[in-house]
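The values are calculated or read from the model by the stated rules, or taken from the named source; none is laboratory data. Only a predicted model underlies this, so the values are computations on that prediction, with no experimental measurement involved. With ideal geometry, Cβ positions are generated from the backbone for all residues, glycine too; neighbour counts draw on all protein chains shown. SASA here: full protein model, heavy atoms, side chains in, ligands and nucleic acids out. Shrake-Rupley method; radii C 1.70, N 1.55, O 1.52, S 1.80 Å.
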Amino acid sequence: MRTIQAAALTEAVARLCIQANTYLPADIVAALDRQRKAEPWPLAKETLGLLWDNMKLAEQTHMPVCQDTGMACVFVELGQDVHIEGDFEAAIHEGVRQGYGEGYLRKSIVGDPLRRVNTEDNTPAAITVRLVPGDRCTLTVAPKGFGSENMSRLGMLKPADGVEGVKNFVIETVRLAGSNPCPPIVLGIGIGGSFDKVVYLAKHALLRPIDQPNPDPYYAQLEQELLASINALGVGPQGFGGQTTCLGLSIETAPTHVAGLPVAVNVSCHVTRRATAEL
Amino acid sequence: MQYKLTTPVTREDLAPLRAGDTVLLSGVVYTARDAAHKRLMERLDAGEPLPFPLEGSAIYYVGPTPEKPGQVIGSAGPTTSGRMDAYSPRLLDLGQSIMIGKGKRNQAVKDAVVRNGAVYLAALGGAGALMAGSVKKLEIICWEDLGCEAVRRLEVKDFPLTVILDAHGGDLYESGPAAYLASLESKEG
Ligand code: SF4
């Protein structure tokens, strides 16, 4: 049994909130760099160049890459041999409060979905915990903007819809989203599970670097095909037209019921943020 | 084409602009998002004056991050404009000339743009740090209780924007992708 102080969680979450909002992950940077060079359509190339400049400027001036510094989604992989000394969830919320305050990040959370009063400190965090073997605690902060979140969709398809049904659903989602989610986009796709589980799969898929294919060759192939189909739509950066509509996508799957084929698409943007620390 | 414009603008200033053109905008720009638009409507309904002059004005849909000491503004990219669709036609009919945001607008907004000789310009979505560089001065002019949604008076210099909806019915979100796809076909053919 290993003991981790709640204060250490707070400190790590605060730091990760600022880091994630200021520096994009290496895989997203690499994809932007590749596409700004490869894009054939002039306005699209120019636009990708500006998005690149923005990313660099944020890095140099320690400013948030995007003003929507998001809802603080915190994913915890908690070793089952870890004992947390103190209140686990409260420690994470406190980390968000400190990170968003000290980092001059935007406070975008309302405490109630209908009465809509801003909590003024971006809490609460959206916490997802998974128990894993071992005595480590891995924290990932993935701030999520809602311009793209609002374009996400869930479909309870029929088994007969098959892989074509899944492809059509994903492409339709991108088409409906159009210019709203600040393309070039990044997609997390969940297939299988249940009504609630499939959404978690889609969200979790966004944590996987986009240069890392699904370990199952069947799904790695499906990822490739979907990416090619999306980038043939012509939406382009910011929806101005062009080749680069999607920087990358990840599929996660789970066993499902004989009668169902759930599919969920979590839409994210070129400001797909995640920062990880291990305690 | 690239145009340089300074606010307040006239119908004549905007007439040459076509979807896909770029604009470097200077002068005063007011910020307002959902909550501020709702309050603008309440003032109009009550017959009260608005907090800023609408004639020839530019409204930027943005909720910036807090400015650090010594900064004029924090990150300041656009929010999704569609949420303002319910309010924009009324403001355009009353004199607003430029809307700045990102993403699709509905038919009522497109009609109001044409009817009033206005324009809808896109700022770069997700390029908050870059957009902030064009803001030279910031002053909160009302509804401070709305936090990042409070109405701010910005003075901007060469704010880089792209024309989405023009006064002649053009829409870059339709014509841009169509032109790109047509270029592929002509290559193949
Ligand atoms: S969709 Fe992404 S890039 Fe666009 S405003 Fe939201 S967080 Fe920023």
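Odds and ends about this structure:
- Once segment A:142-156 is narrowed to residues that are near the ligand (Cβ under 10 Å from one of its atoms) and open to solvent by less than 30 Å² (accessible area, probe 1.4 Å), the residue that is nearest to the other protein chains (Cβ to nearest Cβ) is A:Gly147.
- Answer residue from segment A:255-279, given it is within 16 Å of the ligand (Cβ to nearest atom) and part of a loop (DSSP other than H, G, I, E, B) and is nearest to A:Arg2 (Cα to Cα) among those: A:Arg274
- Just one of (1) within 24 Å of B:Gly74 (Cα to Cα); (2) more than 8 Å from every other protein chain (Cβ to nearest Cβ); (3) not charged (D, E, K, R) fails for A:Ala30. It is (1).
- Residues in segment A:68-101 that are within 16 Å of the ligand (Cβ to nearest atom) and surrounded by fewer than 24 Cβ atoms within 10 Å (Cβ to Cβ): A:Met71, A:Cys73.
- When A:Val110 is tested against (1) within 16 Å of the ligand (Cβ to nearest atom); (2) open to solvent by less than 60 Å² (accessible area, probe 1.4 Å), exactly one condition is not met: (1).
- Hits in segment A:228-243 - residues which are more than 15 Å from the ligand (Cβ to nearest atom) and open to solvent by 10 Å² or more (accessible area, probe 1.4 Å): A:Ala228, A:Ser229, A:Asn231, A:Ala232, A:Leu233, A:Gln243
- Top-ranked residue of segment B:155-185 - restricted to ones that are more than 19 Å from A:Gly178 (Cα to Cα) and within 13 Å of chain A (Cβ to nearest Cβ), ranked as least open to solvent (accessible area, probe 1.4 Å): B:Phe159
- For first residues located in segment A:220-233 and within 13 Å of another protein chain (Cβ to nearest Cβ), partners that are open to solvent by 30 Å² or more (accessible area, probe 1.4 Å) and not in a helix (DSSP H, G or I) and lie 6+ apart or on another chain with Cβ distances below 9 Å form the pairs A:Asn231/A:Gln243; A:Ala232/A:Gln243.
- Residue count, segment A:173-194 (criterion: farther than 17 Å from A:Gln243 by Cα, away from the ligand (no atom under 16 Å from the Cβ) and either open to solvent by 10 Å² or more (accessible area, probe 1.4 Å) or of a type in the set (S, T, N, Q) (or both)): 3
- In the set (1) under 24 Å from A:Cys66 (Cβ atoms); (2) away from the ligand (no atom under 16 Å from the Cβ); (3) more than 14 Å from chain B (Cβ to nearest Cβ), the condition left unmet by A:Pro159 is number (1).
- Filtered by the rule that a residue be among the polar types (S, T, N, Q) and either in a loop (DSSP other than H, G, I, E, B) or open to solvent by 10 Å² or more (accessible area, probe 1.4 Å) (or both), segment B:39-89 gives B:Ser57, B:Thr65, B:Gln71, B:Ser75, B:Thr79, B:Thr80.
- Which numbered condition A:Pro213 fails, given (1) out of contact with any Lys or Arg (no Cβ under 7 Å at 6 or more places or on another chain); (2) farther than 19 Å from B:Ala127 by Cβ; (3) within 14 Å of another protein chain (Cβ to nearest Cβ): (3)
- Verdict on B:Leu91 being within 14 Å of another protein chain (Cβ to nearest Cβ) and touching a residue at least 12 places away in the same chain (Cβ under 8 Å): no
- Search result, residues across segment A:9-27 that are within 14 Å of chain B (Cβ to nearest Cβ) and open to solvent by 30 Å² or more (accessible area, probe 1.4 Å): A:Ile18, A:Tyr23
- Contact map, segment A:173-202: residues that are more than 10 Å from chain B (Cβ to nearest Cβ) and among the polar types (S, T, N, Q) paired with residues that are within 16 Å of the ligand (Cβ to nearest atom) and open to solvent by less than 10 Å² (accessible area, probe 1.4 Å), Cβ distance under 7 Å, separation 6+ or inter-chain. Pairs shown: A:Thr173/A:Val265; A:Thr173/A:Val267.
- Where A:Cys246 falls short, out of the listed (1) within 11 Å of the chain's Cα centre (by Cα); (2) within 16 Å of the ligand (Cβ to nearest atom): (1)
- Meets criteria (hydrophobic (A, V, I, L, M, F, W, C), within 14 Å of chain B (Cβ to nearest Cβ), more than 16 Å from the ligand (Cβ to nearest atom) and farther than 25 Å from A:Leu201 by Cα) for A:Val65: no
- Per the listing A:Asp81, A:Asp27, A:Asp68, A:Asp53, the residue uniquely in contact with an Asp or Glu (Cβ under 9 Å, 6 or more places away or on another chain), of a type in the set (D, E, K, R) and within 28 Å of A:Gln243 (Cβ to Cβ) is A:Asp27.
- For B:Cys148: the one exception among (1) away from the ligand (no atom under 16 Å from the Cβ); (2) assigned to a helix (DSSP H, G or I); (3) surrounded by fewer than 24 Cβ atoms within 10 Å (Cβ to Cβ); (4) not acidic (Asp, Glu): (1)
- Answer residue from segment B:122-143, given it is part of a loop (DSSP other than H, G, I, E, B) and either among the aromatic types (Phe, Trp, Tyr) or within 16 Å of the ligand (Cβ to nearest atom) (or both) and is surrounded by the fewest Cβ atoms within 10 Å (Cβ to Cβ) among those: B:Trp143
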